[in-house]
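The values are calculated or read from the model by the stated rules, or taken from the named source; none is laboratory data. Treat the numbers as computed from the prediction; the structure is a model and nothing was measured. Note that we place each Cβ from the backbone using ideal geometry, even for glycine, and neighbour counts take in every protein chain shown.
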């Protein structure tokens, strides 16, 4: 322990030395000392209104002289309005603080009013200095506040930026290595490779390709049966048929649905620290996503349903809800994924607007490919996105998310019924409720009447007035009684312990009446017709509220009203949407969905094909998966990106067709072998001369371990598998059939991510996750070696290996096929044999020579869980090659 403390101390000192060295000279401490020693007459920095004065006025003055109120006609929000002044004339005279009315009023303590805190000496000194120096502003000129809300001008250069223009389908290149072209993808990649005298690697071995495809398309290792069948299939279309089979399996939707759930920020709790309320119905959206991928739902339809599923049909006035209508309503759960701390009656505007802001960020990063969230408080600094653009997008959502008529998370449930069905159900339930009320009243009358009789008898020796007080106290819930009532009940405790058992014992004729009433109550309760409540989103009515630009993002400082719209730079000129109102809905989200799914939309198809490419290759054609703007990376293969985007649209937005064109390519099927000569030209493998190995995500790792242990439960759909926190702080699922379902079905609690999965970068969903971290840290090795889950699973894997055969070599072959999808080499067989021999010798100890065959076999069987744990910790198990 002392050595550990010493090493950590040495590490800390070393880190500090490095940190100081990196700071350059002078060091931070030297700089602070230099500041402290600076002469008082040193030149003071110039002041400006926006940075130095406005923050003071916002805290001290704008309540009475700002957006909501302008007492005495004085507006202190801008320099020019301060100079202009109010009813008493100019508030300041630039260059003359002693002649400035504002400073005079503050110094006389007449402003702010006496009930408010005055400016402190430092704030007053800053104000005087600013006026004395000429009352400078940061901008070159000031405009009336209303002008700040003017439409943002889009330059020609902005409109010509590659991602803001619709994709144009390029011709497929002609390349020298035509024999390596399996799909057009290869031609585009070879064009760049050949320009640099590079080529693809040779094809990967069949077992490597099978493992790669199974993990990529299923998120699971291949079964032993799949391995045998694929190795025995020498037909030229063997890979094509393998891919088709994988895409047709329900395992595909579970794997690729999980990818989508990352992008949209799916979680099954509301977030916000310890509160983190559970979202019990969220799983329906997860199941919708999995079914959508399995059925190859066209991506444009997938978008439309998630943005505006409730506006795609007149479901309220339909005789009954069709399966399609239900799907569409469930799909709107996409707009309910943001964290939401609000509860019924919640009025705190910062959190309300945060829910809106997070939802806009999710929509923007999922479909627009530009960081619209950066324009919430001001014009975007680096992109042609204005505040107007941002609040036009917000206006699309305020029909449902109205800040002034806010519904808490728990109040937004959508009943799974038409209006006519609801009317019938409500009328039926009203009758049941009335009958239940009558039955309960009779039950209460009977018990009260007999309890009073019994209490009167038990308390006969208590004065009448005191007796009535005791009886009244008994009618109050124990935790609601005042001190006097508690005292009365305590004093007479033995006598007043009157429960139903005591009543029936004293009044035997009462029991049949009580039993009859309870039976009737049970029968009536069973007649209640519950209505399933979906976690979806619907508008609050036909008319959406007016949405304003919020200056500086401040809901207390609204500016110009804006219509529903989209970022102007992504349009041909008119950024406004023209929704058609529907019954109880504004139609705004449907208008947005229509715009997003236009075949000529600049980002919708590009963004999604790039995501799919990244999920296959580990890196996108555009590395910044949610940012195609100026701040993002340029595409490595722009023509390929546009060909994929236009092909995606041509194929009817089929995601499975897109998978086929990618995974059947030579680029995907090549080996990952390192080539020093190629790396010297393209060290980052940007041109894809080799396949890039990838580490398992948290979900595929957990599922692979369960599959190897023979424990994986493939039950699909339904409520989430609950998680719990152990005494040691780790978050786990139960080690039973339900707890061992696939990870996509495990509850996503923002405050309680499964420990093993979190170690391997499963996101917590603060907002959403368009690209997972690929960190490699020491805690991952510790988790794989020491976690109870892996330890328990390794025992199951070892027992499974031991049961597979009696021969050691056959057991080793089984283990390698189970965990690595291949046969072991001779060297690996020898290594395992040596380990098992050493383990058996250690187990038997001095008894080794005299051990019976049974004892020796038991010792050997006990070795295999240790072999399994070792293999589960290898890179070959952890990575997909």
Name the residues in the stretch 463-482 that are part of a helix (DSSP H, G or I) and under 48 Å from the mean Cα position of the chain (by Cα), would you?
478, 479, 480
Out of 453, 471, 487, sole residue that is assigned by TED's automatic domain parsing to the domain that holds residue 518 and farther than 30 Å from residue 509 by Cα
487
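Please determine whether any residue of the stretch 437-451 is within 25 Å of residue 317 (Cα to Cα) and either at pLDDT 95 or above or out of contact with any helix residue (DSSP H, G or I) (no Cβ under 9 Å at 6 or more places or on another chain) (or both). Explain how you work it out, then say what you get.
Here is the first cut: in the stretch 437-451, the ones within 25 Å of residue 317 (Cα to Cα) are none.
Looking through the stretch 437-451, none of the residues is within 25 Å of residue 317 (Cα to Cα) and either at pLDDT 95 or above or out of contact with any helix residue (DSSP H, G or I) (no Cβ under 9 Å at 6 or more places or on another chain) (or both).
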Condition (residue is within 30 Å of residue 436 (Cα to Cα), touching a residue at least 24 places away in the same chain (Cβ under 8 Å) and either touching a strand residue (DSSP E or B) at 6+ places or on another chain (Cβ under 6 Å) or in a helix (DSSP H, G or I) (or both)) applied to the stretch 534-555: is it met by at least one residue?
yes
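Filter the stretch 68-89 for residues that are part of a loop (DSSP other than H, G, I, E, B) and buried (at least 17 other Cβ atoms within 10 Å of the Cβ); which is farthest from the chain's Cα centre (by Cα)? Step through it out loud before you land on a result.
Of the residues in the stretch 68-89, the ones part of a loop (DSSP other than H, G, I, E, B) are 68-69, 74-78, 85, 87-88.
Filter once more, keeping what is buried (at least 17 other Cβ atoms within 10 Å of the Cβ): 74-78, 85.
Details: 74: 46, 75: 42, 76: 41, 77: 38, 78: 40, 85: 49 Å.
Filtering the stretch 68-89 for residues that are part of a loop (DSSP other than H, G, I, E, B) and buried (at least 17 other Cβ atoms within 10 Å of the Cβ), the one farthest from the chain's Cα centre (by Cα) comes out as 85.
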Regarding residue 316, is this residue assigned to a helix (DSSP H, G or I) and over 27 Å from residue 217 (Cβ atoms)?
yes
Going by the structure shown, is residue 526 farther than 30 Å from residue 641 by Cα, surrounded by 13 or more Cβ atoms within 10 Å (Cβ to Cβ), at pLDDT 95 or above and outside the structural domain of residue 365 (by TED's automatic domain parsing)?
no
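How many residues, within the stretch 621-653, are assigned to a helix (DSSP H, G or I) and either free of Cβ contacts under 8 Å to residues at least 12 places away in the same chain or more than 30 Å from residue 381 (Cβ to Cβ) (or both)?
9
Only one residue in 636, 600 is modelled with pLDDT under 95, under 24 Å from residue 170 (Cβ atoms) and more than 25 Å from the chain's Cα centre (by Cα), so which one is that? Even if it seems obvious, please write down each step before you answer.
On the way: 636 fails: modelled with pLDDT under 95.
Just a single option satisfies the conditions, and that option is 600.
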Any idea which of (1) farther than 30 Å from residue 541 by Cβ; (2) crowded, with 18+ Cβ neighbours inside 10 Å; (3) touching a residue at least 40 places away in the same chain (Cβ under 8 Å) is the one residue 671 doesn't satisfy?
(2)
Residues that are under 21 Å from residue 865 (Cβ atoms) and not in a helix (DSSP H, G or I), drawn from the stretch 834-854
848, 851
So residue 460, is it surrounded by fewer than 19 Cβ atoms within 10 Å (Cβ to Cβ) and either in a helix (DSSP H, G or I) or in contact with a strand residue (DSSP E or B) (Cβ under 8 Å, 6 or more places away or on another chain) (or both):
no
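Listed residues 169, 258; which is part of a helix (DSSP H, G or I) and not assigned by TED's automatic domain parsing to the domain that holds residue 567?
258
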